[in-house]
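Take a look at the structure below.
The values are calculated or read from the model by the stated rules, or taken from the named source; none is laboratory data. Here the structure is a predicted model, which means the values were calculated and not measured. We place every Cβ from the backbone using ideal geometry, glycine too, and count neighbours over all the protein chains shown. Only protein heavy atoms, including side chains, enter the accessible area calculation; ligands, DNA and RNA are left aside. Shrake-Rupley method; radii C 1.70, N 1.55, O 1.52, S 1.80 Å.
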Amino acid sequence: MSIKSRSLFKSYGDLVAVNGIDLDIGSGKIFGFLGPNGAGKSTTIKLLTTLVPPSRGSIEILGIDAIKNPLDVRKRIGVVLQQPSYEPNLSVEKSLEKYGMMWDVDKKTRKQRTDELIDVFDLGEIRKKKNEDLSIGQRRRVQVAREFMHEMDLLFMDEPTVGLDPSARRNLLDYLKDKAKAGLTIFYTTHVLTEAEYLCDEIAVINKGKILAVDTPDQLKSTFGQEKTIKIHLANKYDDLIGLLLGISGCRIEFDTGTNIIIQSSKAEIVLSQVLSILIENNILIEDLSAMPTTLEEIFLRMVKDTNAPNN
Ligand SMILES: Nc1ncnc2c1ncn2[C@@H]1O[C@H](COP(=O)(O)OP(=O)(O)OP(=O)(O)O)[C@@H](O)[C@H]1O
Ligand SMILES: [Mg+2]
């Protein structure tokens, strides 16, 4: 197990930023931590990387007790934090070089890796430019690239693609996939669902410091994503209809004004045909009908909305 946490809590005064998080993340996996602004993603990364102490709970990183032995953990991990970090006067290649020195990488390897990363992260044209003269996306690319100057068993990345253009983004995601294939474990936060879906072996959805669901992207989709929402608008109100429709199994049915029926089901086609035959048998006229797949995006938004509801 690369990351294991139990009942992890972090409060800032009255605010509970991380509210009881349990994690079990295996080696060589890319684990996505997906949640909206303020969900607790960065705080979780800071806890797991020993940058801030938890209020409560246990953390084991690469088998090491991270609360007792933070320095042993830090030697073996890489971290790309959310906030920009750079030395304004240093050139791109010098930044990489210096980062390698900080990690005690020998001169020859430093040179090799600098050239390799400049190539991978498409920094060739700006390699002599000072950090302060770079665009935001270029600076972010340097910040991400330099983390690969050193060896590590586990890498934490806090929204590394923010500010990257689509090709730089795809480039980074594919590079991370290759690294994971070679054995690196990656803990990756984002609020972009499609990115998590493309990259991650497992995704945890987090809101208000709590994990709402953890699963593979495929499993999340088949649990929730095959659901469809069918909306039927009737020409008139039919009082007996509710009783007839409630006999149909495998779906959630809602009536609002009496002429609108909303049906959510993962077997929408079967349910729809049953509903239609009941309507036809009873000579009930349909004015409008639509069926929409419930997307992962909608599921994510619904989960977040549900936990934001006032009674939560
Ligand atoms: N040092 C701090 N002091 C006080 N409150 C904090 C501190 N750090 C984070 N918080 C609060 O904890 C909550 C979680 O913040 P966190 O930065 O972990 O969210 P996030 O999921 O990373 O959000 P974003 O997507 O915006 O980066 C927020 O309500 C934030 O205001
Ligand atoms: Mg954050």
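Tabulated values for the structure
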{"quantity": "Cβ-placed point charges (K, R +1; D, E -1), dipole of segment 228-293 about Cα centre in debye, nearest 20", "calculated": "260"}
{"quantity": "Where Thr189, Thr43, Thr194 fall by accessible area, highest first, once all protein chains stay in place (1.4 Å)", "calculated": "Thr194, Thr43, Thr189"}
{"quantity": "Computed lengthening from Ala182 to Leu71, 0.36 nm per intervening residue step minus Cα-Cα distance", "calculated": "37.5 nm"}
{"quantity": "Charge dipole (debye, nearest 20) of the chain; +1 at Cβ of Lys and Arg, -1 at Cβ of Asp and Glu", "calculated": "1400"}
{"quantity": "On Cα atoms only, tilt of 166-181 relative to the major axis of the chain in degrees", "calculated": "80"}
{"quantity": "Between segment 41-69 and segment 137-155, the Cα center-to-center distance that results, in Å", "calculated": "21"}
{"quantity": "Estimated translational D of segment 161-312 in µm²/s (Stokes, Kirkwood radius over Cα pairs; 37 °C; 0.692 mPa s)", "calculated": "178"}
{"quantity": "Along each principal axis, Cα extent of segment 228-293, largest first, Å", "calculated": "27, 20, 18"}
{"quantity": "Cβ-derived FRET efficiency at R0 25 Å, Val162 paired with Glu87, nearest 0.05", "calculated": "0.75"}
{"quantity": "Local net charge near Thr189, Cβ-Cβ under 9 Å (Lys/Arg +1, Asp/Glu -1)", "calculated": "-1"}
{"quantity": "Among Tyr188, Tyr86, Tyr12: highest mean-square fluctuation, GNM of the chain, C-alpha pairs under 10 Å", "calculated": "Tyr12"}
{"quantity": "Label point distance in nm, Ala213-Ser7, each placed 7 Å from Cα along Cα→Cβ", "calculated": "2.8"}
{"quantity": "Efficiency of FRET from Cβ geometry, Asp24 and Met102, R₀ 22 Å, rounded to 0.05", "calculated": "0.10"}
{"quantity": "Share of carbon and sulfur in the accessible heavy-atom surface of segment 3-222 [1.4 Å probe, %]", "calculated": "48"}
{"quantity": "Which of Ile64, Ile136, Ile230 is most accessible, then next, and so on - probe 1.4 Å", "calculated": "Ile136, Ile64, Ile230"}
{"quantity": "The chain pair-distance distribution - Cα-Cα, 10 Å bins, rounded %", "calculated": "6, 22, 25, 19, 12, 9, 5, 2, 0"}
{"quantity": "Nearest-0.05 FRET efficiency for Asp306 and Ser222, computed from C-beta distance (R0 22 Å)", "calculated": "0.65"}
{"quantity": "Vicinal HN-Hα couplings computed from phi for segment 114-126 (Karplus, 6.51 cos²θ - 1.76 cosθ + 1.60; Hz; Gly/Pro x)", "calculated": "4, 4, 4, 6, 4, 5, 4, 9, 6, 9, x, 5, 10"}
{"quantity": "Label-point separation in nm, Ile278 to Ala235, each point 7 Å along Cα→Cβ", "calculated": "2.0"}
